[in-house]
Each structure stands twice: as C-alpha cells, then as structure tokens.
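Chemist: Shown below is the structure under consideration.
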Number of protein chains: 2
Amino acid sequence: MITALSRETEFGLHLHLPDRARPARALSKTMPSQGAHIYFGGLTDIDGILVGHWTDSERPTGCTVVLIPGGAVAGVDVRGSAPGTRETDLLSPTCTVEAIQGIVFSGGSAFGLDAAGGVMRYLEERSCGHPTRSGVVPIVPAAVIYDLDIGEGKRRPDAEAGYQACLAARSSPVEEGSVGAGAGATIGKLLGRQRAMKGGVGSFGIQVGAFRIAALVVVNALGDVVDPDTGILLAGARGPDGRSLADSMKTLRDPDASWSIRPLENTTIAVVATNAVFGKAAMTKIAQMSHDGLARAIRPVHLPFDGDTIFAVSTGQVPGVDLGQAGALAAEAVAHAVVRAVLTAKGLPGYPARQDLL
Amino acid sequence: MITALSRETEFGLHLHLPDRARPARALSKTMPSQGAHIYFGGLTDIDGILVGHWTDSERPTGCTVVLIPGGAVAGVDVRGSAPGTRETDLLSPTCTVEAIQGIVFSGGSAFGLDAAGGVMRYLEERSCGHPTRSGVVPIVPAAVIYDLDIGEGKRRPDAEAGYQACLAARSSPVEEGSVGAGAGATIGKLLGRQRAMKGGVGSFGIQVGAFRIAALVVVNALGDVVDPDTGILLAGARGPDGRSLADSMKTLRDPDASWSIRPLENTTIAVVATNAVFGKAAMTKIAQMSHDGLARAIRPVHLPFDGDTIFAVSTGQVPGVDLGQAGALAAEAVAHAVVRAVLTAKGLPGYPARQDLL
C-alpha cells in the first residue's frame, strides 16, 4: 500500500501532493503572491535562462540543456562518490573563468558527456562564450546519469543530441517527467532493477520579493524519494507485491534483508539558478547547501556509487540577497524539484512510475 | 503552540518522542533485538570508546572528549563555512597519520581549541599516540562551538578543562543534554538571541547484526530542529509569545520578516563511531554522508556562518560491512542524536529548553 498523500494544507509548500505534479504554469497560477513569497514554476522563471530537452525516440535516454546565453557566475559541489562530469574543475573559486554559458545533463553514463560538444557548437555559432583572440570558447559544464541498461540497444546521447536540445531550448515552463536526461532515469534500486521505479526531471522555484531561486533536478537515485515536509515515502524500491514501497532505510537496518548498492548506476544531478548577485565562491556555497535538499528528499543519497552533483548559477540581477537565505531556499527548491520529478514521471516496462501505483 | 508530538508508533525509530529523551541505557532496555536491528544508547556502546564531559561550574560552557586509547582510523568533513578546528588536515586520505587517539569538542569558540592540549597531555602520560623516536604524539582533532555570549564572565575551556574531561571519561552511557561542550549550546537563532532556545549534547546508535554505528552531536545550530521522520518542528526560533515555534524556513520565505544570520555564532559538531573495518578514505565518505543527518534534523543548516563539522572514527572490529549502508545509517544516527540533544537539554535564563515549553 502506498501511504495516502493528501494532508492538511496551508498556502505554501503544504499543498495536497497531487497539486505538485501539475504543469508548472498551472501551479504558479494557483498560487498568487498575496504579498508574500511565491512558489513558481521552475528554472525558466529566472530571466535569461532557457531549458531544452532532447529525448531519444529509440531508447529511453536523452539530454537536457540549460542555456544562459548572457553568461552566469557558477559554482558546483560534487557529493556523490561516482560522478561523471566535464568542466567542473574550472568552477573552483580559485580558477579564472568567471562565466559559463550553459550546462548539459545527459543519459548514457560517461559516454553522454559528448553532448556538451554539441552545446558548445551551438553557442559558438552564436558567439556566446569566453572571449579569446581566436573567438569564443563556450564554457559548458556537464554531468551524466547511468541509464545504459534501460530499453534496448546501445544508443547514447551524443554531440548532435546536445545540439538538438539547444534548438529546443525555450524560456517557457520546463517540461518535467520522463524527458531529456530523465527519460531513462530510475529510482529505488536497492532491491535490484526488478523492484525499481521510474525517475525523471523535476523543477521548482521560490520567490521572496524580487529574489528568485529555482532548481532543475534529474533524479536517478539509488534511494527512495520522501516528501521533505512530512517524511512520507513517495516512491522507491518496491516490495514483493510490486505495488508497495519497501522503504530502503528500513531494509538497510534489517540484518536479514538482502540488497545491493551497485556501482555507477545511481546519480541525482541538479542545477540551481538564481537572479541574485553572487560571486563564484558564494555560488559554490549555494551548490553545497543545495545538497541538503537531496538529503531531505532522497533516502539514502550521496552513496559511494552515486554521482550526485549540483551546479549553481547566478544571472546577477538582484543585489543584496543574504547568502544563507539563498542557500537555505536553494535546498528547499531542490527537495521539491525531486518530488516533482517522481510525481511527473511516466512508467516504462518494468519500471512503474508513482502514478501507476496509485 | 508546540505541535503535539506523539504519533503512531512501530518498533524502531518511530517511538513516541518523549521516549527518545530517556537516559540511554533505559532506551536500550526498552528495545531488545527481537532478531532484528537494535537502537542502542550511543557512542560508548562502540567497544574501545570512552566519553567524558567537563562542565564549567561558573559559566555555561565546557568540553567533551571522545577517547579511543587503542586508536581509530578517522575521517572528517567540514560543511559549514565558519569552522573552528584543529588537526583536521591530517585526516585527509592523502595524509600519512593512520590513527587518532581522541577527539575533543569545546565551547569557547576558537579559544576552546586549547582543550586539545590537555587531552594530548592525558594521552601522552599514558603512552597513547603516534609513535616517534622521542615518544608518542597523541593525535587529537578538535572542533568548537561559539558560546561566548552565554552567561556571565569570560571563562573558556582550556587545556586543564580538556584534561579534566579525560579524567571523567567512561564507557558508561553518554550523559546528554546541557553538559560538556553542549553546556552553552543554543539553537533557533534566526530571530535573535531573545527568541533562541537551548541546545546540547545528544547521542544515538544503531546496530545491524554485529555492526554498530553511533553518533554524538553538539547542537549549537542557527536553525530549528525537526523530527527527521515526520518533519514536525521540535525546537528552534520562538514566536513573539515566547512559547510557539516561529519556523525559520517559513521566516526565510517571508519578504516582510526581519531576521539575521550572524557570524560565528552557530555550529553543529559531531562524531560518528563504528566498529566496522574501514580505511581512511571510507571514513571520510562516512563523515560526508553523516552530514545528511544534519540536513534532515536541522533547518536551515550548513550556513555561511555555521561551522558544521563531522568526524568519523572506526575501531575496526567488524569486517565486511557495506560502506553505503554504514554511511546511510551514520546519517540516521546523527539525525536522531540531534533530536536527543534538544529533548534532553535543560533551559538557561533566556534560553528555554524544549521541555520548558511543553
């Protein structure tokens, strides 16, 4: 039995959970400001940020690009111990490059890092990048998830996939669920793939006055997803009946249970974007604090075989925002984006989505 | 109004909350194994580990020592941005020293780091330390909390305080609450000290088969403490009536609220200990994953002015434990140790403890 999900509600995060899976703009419309904070749709509500998906039509995989043609100050924090990344070292506060023009998330494990090449080509064609004497060099950090065992065949997102995602990039609300880099994402893998569920892409944002902060997350975790407000288990490893949730933390406490944490198959990757003015070290701190959102929504997380990585980007439009506040709300946005990812995911053969179990 | 705390219970973590504040040994006795996992008292249930407090009788401050006379493999992860630490660099997996003999937590902000000198003296007198041609050098990492504004006077724990804590060290259940390094600990400081509450020391452990992992935490957070299982707010910044809880995350989302995150005044420090056999890099990973327990029990946490630091030590008695399982259960032990710290804390003038509000 999946635990019942509706609960006492107040204006704010404490919506009936099914509301959280509504399309982003509809969610936004149901929550006018009333002079207080606003929960809004997602990453593309940060001015200057576009999101595009490319989803493979032959195998459940794909890539998702975040374009910031005007450039953004960025930081990163890698907390999983099996990451697959590109162009993360230059984000260190001690490194020189100040602005990035895009981020790409991809399926295909480390092979999918090639998608960044296509994003670079798209940006170079439009003269977006780090200026050099021989033209621009677009700075496009990337991170990948493992989905090589999902569906048939060996197709993996490549440079052309990255380019196609750029062509699809829009400032309209982020398409969520089983699309782009989340097409082949799965969760709840502690009891093996036959007990797993479908993951996906989720996005969620918070506004306080003029300050906005939003997250886009690709959830391919080993762990289960819980409601960060109530601890209620939402999705994850299923029990023997295929419909109940086994509770991975309970399994790990049971000396008689058998389970396995397998190499390379798990990763949650995210980008947090804000319109607040922050430098590179501050964005690194926001990326760091954002991982608390994963901790609150995914149990367990940050495992030796997860590659959990969060980027944080600032478009630098709103000065005077407190760094601690930004980091705390970044974590909240990440946690709720994780929830949206599993509530909007669509099932695949052998990998039911949460909505298939209700 | 403090939210009611009792809830549906099953054997395991989901006890009625007041039970969680019982003395450790009593808690242990109420939860026999029944062939499954056991929740046990705390850090001293790991064989080879002693804990001692020194509590100042003149000002609410003190220090807490964890002695491992036989030595332990150790790692550390600093996630707050305003740490006060000593002997953490040598815990890097690339550094040479393989074993530490003690850890000390202290009040007194960076001044309190002197307590480690007394712990070193105690250990040197007993020939416990890293062997050199001129005798042993005890390796005693340390971390501190800020409590300089609590009570009257300028007393801070010094080397003699560290030595006295060693003399008090026992393998009996850890004394929790407003003792040792937690004597002057406070929480819920977003709305200023006049709205804060008392923090303290908590300890909690989990056993799965022969494998044990336990945490000792000194909770001096800026944030609120929530039940990691249910999200229920347990303690933290108080409302204008002095008895309700304001909810710091809600405050941070309110554009009309005034609040401040102040430098150096917040820090949660912890040590996780296990009897499992792991090397230095693995213990660093466990320290890293343990921070997820802080994320789940404290909101917000890991702030720019927190010094949140977790050490992880292994006494190396039980081989074959999965690193991911150990890290996941370490996080759980840390989260529940945080809860115990606020449930066992005793109030000070101006700083009520949770039990004072019930």
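Values quoted throughout were computed directly from the atomic coordinates according to the rules given, and no laboratory measurement underlies them. For clarity, every value in this text was computed on a predicted model and none was experimentally measured. No Cβ is skipped: glycine too gets one built from the backbone with ideal geometry, and neighbour counts run over all protein chains shown.
Chemist: Residue by residue through B:282-291, how many Cβ atoms from other chains fall within 10 Å of the Cβ on average? Let's see the in-between values first.
Modeler: Values: counts 2, 0, 1, 4, 1, 0, 6, 9, 1, 6.
Partner Cβ neighbours, averaged per residue: 3.
Chemist: Rounded to the nearest 500 deg cm²/dmol, what is the calculated helix-only ellipticity per residue at 222 nm for the protein assembly as shown, with -39500 (n - 2.57) per DSSP H run of length n ≥ 4?
Modeler: -6500 deg cm²/dmol
Chemist: Further question: Arrange the peptides B:142-149, A:345-352 so that the one whose residues have, on average, the most other Cβ atoms within 10 Å appears first.
Modeler: So the peptides B:142-149, A:345-352, ranked by packing, come out B:142-149, A:345-352.
Chemist: Between the stretch B:181-234 and the stretch A:71-149, how many Å separate their Cα centres?
Modeler: If you average the Cα positions of each part, the centres end up 38 Å apart.
Chemist: In peptide A:326-333, what is the residue-averaged number of other protein chain Cβ atoms found within 10 Å of each Cβ?
Modeler: 5
Chemist: Follow-up question, since we're still on this one. Report for the stretch B:203-346 the percent antiparallel among DSSP-assigned beta bridges with both residues inside it, nearest 5.
Modeler: Taking every DSSP beta bridge with both residues in the stretch B:203-346, the antiparallel ones total about 70 percent.
Chemist: Now for a different question. Give the chain B residue with the shortest beta-carbon distance to the rotation axis relating chain B to chain A, plus that distance as a whole number of Å.
Modeler: In chain B, the Cβ lying nearest the symmetry axis toward A is B:Ala295, 2.
Chemist: Okay, moving on. Under a point-charge model restricted to the Cβ atoms of Lys and Arg (+1) and Asp and Glu (-1), what is the dipole moment magnitude of the stretch B:235-358 relative to its Cα centre, in debye to the nearest 20?
Modeler: Approximately 160 debye in magnitude.
Chemist: Still on this structure, I have one more. So how many Lys-Lys pairs in chain B land under 22 Å Cα to Cα, not counting same-chain pairs under 8 apart?
Modeler: Working: B:Lys154/B:Lys189; B:Lys154/B:Lys198; B:Lys154/B:Lys346; B:Lys189/B:Lys198; B:Lys189/B:Lys250; B:Lys189/B:Lys346; B:Lys198/B:Lys250; B:Lys198/B:Lys346.
The result is 8.
Chemist: Then there is this: Given a Förster distance of 22 angstrom, what is the FRET efficiency for A:Asp356 paired with A:Ser57, based on the Cβ-Cβ distance and rounded to 0.05?
Modeler: Between A:Asp356 and A:Ser57 the formula returns 0.50.
Chemist: Using a simple charge model, +1 on the beta-carbon of Lys and Arg, -1 on the beta-carbon of Asp and Glu, nothing else, what dipole does the stretch B:120-262 show about its Cα centre, in debye to the nearest 20?
Modeler: 260
Chemist: Report the one residue of B:Gly239, B:His302, B:Ile261 whose Cα lies farthest in the direction of the positive end of the charge dipole of the stretch B:221-319 (charges on C-beta: Lys and Arg +1, Asp and Glu -1; origin at the Cα centre).
Modeler: Of B:Gly239, B:His302, B:Ile261, it is B:His302.
Chemist: Would you work out which of A:Ala353, B:Leu113, B:Gly202 lies farthest towards the positive end of the dipole of the protein assembly as shown? Charges go on Cβ: Lys and Arg +1, Asp and Glu -1.
Modeler: Positive-most Cα among the choices belongs to A:Ala353.
Chemist: Could you compute the FRET efficiency for A:Val97 and A:Ser171, with r as their C-beta to C-beta distance and R0 at 25 Å, rounded to 0.05?
Modeler: Working from the Cβ atoms, E equals 0.50.
Chemist: Something else: Once each part is reduced to its C-alpha centroid, what is the distance from the stretch A:254-280 to the stretch B:323-348 in angstrom?
Modeler: Each part reduced to its Cα centre gives a spacing of 21 Å.
Chemist: Size of the dipole of the protein assembly as shown about the Cα centre, Lys and Arg at +1 and Asp and Glu at -1 on the beta carbon, nothing else charged, in debye to 20?
Modeler: 380
Chemist: Would you mind telling me which residue in B:Gly71, B:Gly188, B:Gly112 has the biggest mean-square fluctuation in a Gaussian network model of chain B, where springs connect alpha carbons within a distance under 10 angstrom?
Modeler: B:Gly71
Chemist: Quick one: with label points 7 Å out along Cα→Cβ, list the inter-copy distances for B:Asp149 in nm, shortest first?
Modeler: Its label point is 5.3 nm from the equivalent points in the other copies.
Chemist: For A:Pro240, go 7 angstrom from Cα along the Cα-to-Cβ vector, then report the distances to that same point in the other copies in nm, smallest first.
Modeler: 5.8
Chemist: If you fit an axis through the alpha-carbon atoms of helix B:323-344 and take the longest principal axis of the Cα set of chain B, what angle between them do you get, 0 to 90°, nearest 10?
Modeler: Result, in degrees: 50.
Chemist: Could you please rank B:Ile232, A:Ile213, placing first whichever residue has the fewest other Cβ atoms within 10 Å of its Cβ?
Modeler: By the 10 Å Cβ count, ascending, the order reads B:Ile232, A:Ile213.
Chemist: In addition: If we hang a label 7 Å off Cα along the beta carbon direction at B:Gly70, how far is it from the matching labels on the other copies, in nm, shortest first?
Modeler: List, nearest first: 6.2 nm.
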